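Heads up: the structure comes next, in structure tokens.
The values are calculated or read from the model by the stated rules, or taken from the named source; none is laboratory data. Since the structure is predicted, the reported quantities are computational estimates derived from the model, not experimental observations. Glycine also receives a Cβ, built like all others from the backbone with ideal geometry; neighbour counts cover every protein chain displayed. What goes into the accessible areas is simple: the full protein's heavy atoms, side chains included, and nothing from ligands, DNA or RNA. Shrake-Rupley method; radii C 1.70, N 1.55, O 1.52, S 1.80 Å.
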Amino acid sequence: IALASTALYAVRRSWTVLGVNFFIFGFAVLGLRAAAAARTLAVLAHGVLTGGVLMASILYAFLEAAIGSHDVGGTTLPDGVVLLLFCIPYSLDLVVSFLAMRLGDSLMSFVSRRAEVSQEEAQE
């Protein structure tokens, strides 16, 4: 989703768009590797960092549409369309970030339960 969102640079020529999308893509790769290796803290860090960046990006898009200059990037699209184009992929990425946080929570529960079971087996 992050790589496809880079196409938004054509809509709004801003280095912020490229920076946010490459940051999200990089952390998506790290989050996927962390999930595959079941590293709880890395999965949680992925969810929190990307979620925070995405929330800031969505708020920035709303504020720019509401009070920003209307000639930024030289686009001829109405502000509402630009806002919609930015919010759809970022909202999808935000859902994935929340799912990563849920995965991290589930991994923490699994690890603690597994430690309890192994401790009970050691006592027997």
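Data for the structure
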read-out	value
Gained length - V81 relative to T16, 0.36 nm times residue gap less alpha-carbon distance	21.6 nm
Length released on extending from F62 to I88, taking residue separation times 0.36 nm less the Cα-Cα span	8.1 nm
Surface accessible to a 1.4 Å probe, per residue, for the residues of the stretch 28-69, Å²	57
Calculated FRET efficiency for the pair V48/E124, C-beta based, R₀ 41 Å, to 0.05	0.60
